[in-house]
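The values are calculated or read from the model by the stated rules, or taken from the named source; none is laboratory data. Computed from a prediction, not measured in an experiment: that's the story for all the values here. Cβ sites come from the backbone with ideal geometry, for glycine too, and all protein chains shown count toward neighbours. For the accessible areas, the whole protein counts, side chains as well, though only heavy atoms, and no ligand, DNA or RNA atoms are used. Shrake-Rupley method; radii C 1.70, N 1.55, O 1.52, S 1.80 Å.
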Amino acid sequence: MRAAFSEVLVAAAKANPNVLLLTGDHGYALFDAFRKECPEQYVNCGIAEQNMVGVAAGLAKGGFLPIVYGLSAFVPMRVLEQIKIDVCYESLKVIFIGDGAGVVYSHLGSSHQCVEDIAALRAIPNLAIYSPADRHELTYTMQTAMASSQASYLRMGKADLGDVHSTMPDSDMQTILPILVRDNAKNLILATGSMVSTALKLASQRHDVDVYSVPCIKPMAKNHIYELCKNRDNILSLEEHSIYGGLGSCISEIIAGDIICNFKKIGINDKFSKYCGDYHYLMDYHELSYQKIETLLNNEFNAQHDSTIDIVRA
Amino acid sequence: MTQVFDAKSLRKTVLDMAFSGATVHIGCAFSIIEIMAVLYRNHLRFPDDAHAHPNRDYLVLSKGHGVMAQYACLHEKGWLSSADIKNYFNNGTQLKGLADAHVPGVEVTSGSLGHGLSVGVGMAYGAQRRKTNQMCYAIVGDGEINEGSIWEAALFASHFKLDNLIVVVDENGFQAMGSTDEVLKLGNIMEKFTAFGFESIQLDGHDESQIDDAIHQLKSKKNGKPKAIIAKTIKGKGISFMENNNIWHYTRLSSETYAAAMAELEEK
């Protein structure tokens with residue numbers, strides 16, 4: 001996915017000299033190609049993220065298209081207010097890239113992990129939020145962000161989990177993308193980012209579940225989500241993000257009080273990463289490993305739920 | 001109508017607004033009146049008199065709570081109407097208590113302190129990249145430079161050699177809850193900006209000829225250095241009972257204080 005990101009950045013900068021890549025002294029190796037191909041459009045703003053976002057706003061006012069790159073723990077978390085006031089309030093077009101979203105930087109601890117970015121940004125108007133699952137979705141969402149007239153945040157999570165699509169999605173701004181769809185499956189998994197890969201693997205072991213990827217968190221295709229959720233027995237949302245304010249919350253807002261089913265949000269369950277370890281260790285610690293979700297999924301899907309009441313559980 | 005940006009008239013407009021809207025931040029506006037007047041009268045270039053002209057000079061009011069001083073100038077520019085001034089703070093009106101870039105002639109939404117300078121730096125950097133001769137003037141409060149982002153912006157301006165940027169520090173010595181010495185000691189502000197790579201001048205922020213000379217001098221120097229003017233000012237300047245009396249950060253005018261302030265301006 002990072003290679004795709006580099007490619008799409010270089011292509012965008014070559015096509016438009018007003019594209020500027022701003023970084024807060026991050027992006028080692030990732031921007032080698034960009035610096036080689038478009039050195040004049042690469043701006044290292046130093047370890048000064050607040051100023052970087054203000055500068056991006058000033059550049060956008062002057063007709064540039066700034067792409068602001070940082071670790072998601074800092075862009076958007078450290079600069080949330082600058083994003084809100086300097087950029088979004090003034091309806092400026094700036095593209096924010098939050099790299100390493102989720103618990104990718106597992107060994108570095110909670111300071112460099114970010115499972116609250118979607119929740120923090122969702123409430124800010126004039127900002128689209130993308131969460132691509134693989135290199136195809138990355139290209140797709142970046143191109144959508146570039147073509148949009150408003151600001152965007154692109155959440156780049158675990159990048160080496162392989163593709164979930166065989167080709168770039170061929171859809172006209174469609175924001176819910178089918179991954180694995182069966183006839184009349186009564187169960188549904190809606191996943192985003194790194195967890196789409198896990199969802200696909202889980203669904204491959206069963207015959208009664210559909211999997212869709214949600215690369216666009218905002219604006220969310222509410223009607224499409226609603227239609228997908230109708231007449232299901234069980235719905236799971238899967239995300240490497242807090243269960244509060246992320247994809248699961250978005251879906252629950254759409255279906256709550258209307259669609260009767262068993263709905264479970266699976267994500268980071270409101271806790272920090274207490275221990276050090278590799279990515280797989282931490283995902284297991286947060287009960288997001290394949291094995292733990294498989295157990296949960298089997299319990300949920302095989303249980304007999306009382307379908308006469310609306311159960312929306314966190 | 002000739003635009004003279006007379007300081008006394010601007011202060012009257014501020015008083016009218018503050019009284020009509022029952023608003024605060026009067027002292028914060030009065031300390032920057034002469035700075036605003038000199039900038040609008042002698043320096044800010046607006047081709048075709050268009051506030052949004054792409055080749056205009058930029059004036060960023062980073063201390064957005066002083067915005068009534070700018071409204072008074074924008075009124076004289078003709079970009080705000082007398083009704084805008086008269087109806088200040090009425091429901092459904094456009095002018096807020098802090099600078100808002102949706103207002104014609106206001107470049108940056110500020111008031112949340114420490115934002116405006118960075119945006120101004122970005123505008124100056126954009127002008128430098130486009131190789132235009134646009135200037136960017138950014139007015140920051142001395143209290144405002146408590147914010148770390150101000151110093152991030154100063155580093156950036158110096159590193160990228162933004163000699164089209166003039167930062168004006170309104171050093172009135174007060175912030176919301178007391179004097180700057182009491183709240184968070186700033187030390188020598190000029191030395192700080194100089195240490196950050198700025199070419200700096202300290203002057204009397206109410207002496208229009210000093211301000212004018214300094215701006216002429218600084219903007220003519222294309223030496224790869226951003227510029228800073230440390231303007232020693234008086235919070236509440238122009239009204240004896242407001243000067244250096246920090247209650248006028250938050251106090252609203254009564255009929256009596258409005259009349260007394262207006263009478264004092266008339267006498268001058």
With label points set 7 Å from each Cα along the Cα-to-Cβ direction at A:Ala303 and B:Ser112, the distance between them in nm comes to 4.1
Note to self: Kirkwood Rh of region A:13-119, Cα pairs, one decimal, Å, is 14.1
Taking R0 as 60 Å and r as the Cβ-Cβ distance between A:Asn231 and B:Ala259, the FRET efficiency 1/(1 + (r/R0)^6), rounded to the nearest 0.05, comes to 0.25
Which lysines does A:Lys36 reach when only Cα atoms under 29 Å apart count, and residues fewer than 8 places away in its own chain are ignored? A:Lys14, A:Lys61, A:Lys93, A:Lys158, B:Lys131, B:Lys161, B:Lys225
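Taking only DSSP H segments of four or more residues, each worth -39500 (n - 2.57), what value at 222 nm results for chain A once the sum is divided by all its residues, to the nearest 500 deg cm²/dmol? Let's see the in-between values first.
On the way: 10 runs with 99 residues, N = 314.
Counting only the DSSP helices, I get -9000 deg cm²/dmol.
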Residues B:Gln3 and A:Ala3, FRET efficiency given R0 of 60 Å [Cβ-Cβ distance, rounded to 0.05]: 0.55
At least 10 Å² accessible surface lost relative to isolated chain, residues of region A:12-57 (1.4 Å probe): A:Leu20, A:Glu40, A:Val43, A:Asn44, A:Cys45, A:Ala48, A:Gln50, A:Asn51, A:Gly54, A:Val55
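Hey, what's the Kirkwood Rh for chain A if you take every pair of different alpha carbons, in angstrom?
19.8
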Under the helix-only model (-39500 (n - 2.57) for each DSSP H run of 4 or more, divided by the residues of chain B), the mean residue ellipticity at 222 nm, to 500 deg cm²/dmol, is -11500 deg cm²/dmol
Among A:Ile97, A:Ile47, A:Ile83, which one shows the highest mean-square fluctuation when chain A is modelled as a Gaussian network with alpha-carbon springs under 10 Å? A:Ile47
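Any idea what the dipole of chain B comes to, in debye rounded to 20, about its Cα centre with Lys/Arg Cβ at +1 and Asp/Glu Cβ at -1?
Details: 26 positive and 31 negative charges, 173 e Å.
For chain B, the charge dipole is close to 820 debye.
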What are the semi-axes of the equivalent ellipsoid for the protein assembly as shown, taken as the square roots of 5 times the Cα gyration tensor eigenvalues, largest first, in whole Å? 52, 26, 20
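If you take every DSSP beta bridge whose two residues both sit in chain A, what share of them, in percent to the nearest 5, is antiparallel?
Restricted to chain A, the bridges split so that about 15 percent are antiparallel.
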For region B:1-127: relative contact order, % (alpha-carbon pairs under 8 angstrom, 6 or more apart): 28
Residues of type lysines that A:Lys186 reaches as a straight line, Cα spacing below 23 Å, ignoring anything fewer than 8 places off in the same chain: A:Lys201, A:Lys222, A:Lys230, A:Lys264, A:Lys265, A:Lys292
Quick one: check the C-alpha center-to-center distance for region A:212-240 versus region B:79-107, whole angstrom. 43
Restricting to lysines and to Cα separations under 28 Å from B:Lys12, and discarding same-chain partners fewer than 8 apart, the set is B:Lys63, B:Lys77, B:Lys86, B:Lys96, B:Lys232, B:Lys235, B:Lys237, B:Lys268
Any idea what % of Cα-Cα pairs in region B:7-267 are farther than 27 Å? 31
Mind checking which of B:Ala52, B:Ala83, B:Ala228 has the largest fluctuation in a GNM of chain B, springs on alpha carbons under 10 Å? B:Ala83
Only Lys, Arg (+1) and Asp, Glu (-1) charged, at Cβ; region A:262-304 dipole about Cα centre in debye: 140
Unit-weight point scatterers at every alpha-carbon of region A:207-248, Debye formula, q = 0.13, 0.17, 0.33 1/Å: log10 I(q)/I(0) is -0.30, -0.52, -1.38
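Under the 0.36 nm per residue contour assumption, what length would be gained going from the current alpha-carbon distance of B:Asp181 and B:Asn55 to full extension?
Working: separation 126, 0.36 × 126 = 45.36 nm, distance 4.00 nm.
Fully extending the segment from B:Asp181 to B:Asn55 adds 41.4 nm.
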Rounded to 5, the percent of DSSP beta bridges in region A:177-313 classed as antiparallel: 15
Among B:Arg130, B:Arg252, B:Arg56, which one shows the biggest mean-square fluctuation in a GNM of chain B, springs joining Cα atoms closer than 10 Å? B:Arg130
For helix A:135-147, what angle does its Cα long axis make with the longest principal axis of chain A, in degrees from 0 to 90 and rounded to 10? 60
Centroid-to-centroid separation of region A:1-34 and region B:117-187 [C-alpha atoms, Å]: 29
Using the alpha carbon gyration tensor of region A:249-303, what are the three equivalent-ellipsoid semi-axes (square root of 5 times each eigenvalue), largest first, in whole Å? 26, 15, 7
On average, how much accessible surface per residue is there in region A:116-186, in Å², for a 1.4 Å probe, leaving out ligands, DNA and RNA? 43
Among B:Tyr125, B:Gly205, B:His25, whose Cα projects farthest towards the positive end of the dipole of chain B, with charges put on the beta-carbon of Lys, Arg (+1) and Asp, Glu (-1)? B:Tyr125
Any idea what log10 I(q)/I(0) is at q = 0.11, 0.14, 0.25 Å⁻¹ for region A:206-288, Debye with uniform C-alpha scatterers and no solvent? -0.34, -0.54, -1.26
So for region A:2-156: antiparallel DSSP bridges make up what percent, rounded to the nearest 5? 5
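To the nearest whole number, what is the average tally of beta carbon atoms from other chains within 10 Å of the beta carbons of peptide B:144-157?
Working: counts 0, 0, 0, 1, 3, 10, 2, 2, 10, 7, 2, 5, 8, 2.
Counting other chains' Cβ atoms within 10 Å and averaging over B:144-157 gives 4.
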Helix B:148-159 versus the longest principal axis of chain B: what is the Cα-based angle in degrees, 0 to 90, to the nearest 10? 40
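To the nearest 100 Å², how much accessible surface do chains B and A cover up together, summed over both, with a 1.4 Å probe? Write out the running numbers ahead of the final one.
Details: alone 11080 and 13470 Å², together 22640 Å².
For B against A, buried area totals roughly 1900 Å².
What number, in percent, do you get for the relative contact order of region A:1-119 if the mean sequence gap of Cα pairs under 8 Å and at least 6 apart is divided by its residue count?
23
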Spatial separation of Cα centroids for region B:233-258 and region A:67-133, in angstrom: 42
